[in-house]
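Derivation of every value follows stated rules applied to the coordinates shown; laboratory data play no part. Small disclaimer: the values here were computed from a predicted structure and weren't measured. Positions of Cβ are backbone-derived with ideal geometry, glycine not excepted, and every protein chain shown enters the neighbour counts.
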Amino acid sequence: YSSKDLHGAEYIDSYVFNQIEQIRFNSTVGKYVGYTELGLKNAETWNKGSELAQELGELERVCKPNADIYYSAVLDKTGEQG
């Protein structure tokens, strides 16, 4: 996100092995997407199971409530020295 109103906030959860992204959940897409053979199989399984429901709630449960803390700690201090 790029503003305090959190419009356009996005939660991304990537699974990487040996520097290759296998699978990714993106809250904007709303599902898991696989990028390798194993990732495709896992995405299909996880999109049908309880994993998807849990990930769908992470943006509201974790990201948005903590965004003010991160915003004030980092973005409000842009340009300050010391």
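Structure notes:
- Built amide H within the under 5 Å cut-off of residue 22, gap 5+: 15, 16, 17
- Simple spin-label estimate for residue 38 and residue 53 gives 2.8 nm between the two label positions (7 Å along the Cα-to-Cβ direction from each Cα).
- All-pairs Cα distance distribution in region 12-75, expressed in whole percent, bin size 5 Å: 4, 17, 23, 20, 14, 11, 8, 3, 0
- Derived scalar couplings ³J(HN,Hα) [region 32-47; Karplus, 6.51 cos²θ - 1.76 cosθ + 1.60; whole Hz; x for Gly, Pro]: 7, 10, x, 10, 10, 4, 5, x, 5, 5, 5, 4, 4, 5, 5, 5
- Whole-Hz ³J(HN,Hα) from phi, Karplus 6.51 cos²θ - 1.76 cosθ + 1.60, for region 10-19, glycine and proline x: 9, 9, 10, 10, 10, 10, 10, 9, 6, 6
- Charge dipole of region 12-75 (Cα centre as origin; +1 on each Lys and Arg Cβ, -1 on each Asp and Glu Cβ, all else neutral): 80 debye, rounded to the nearest 20.
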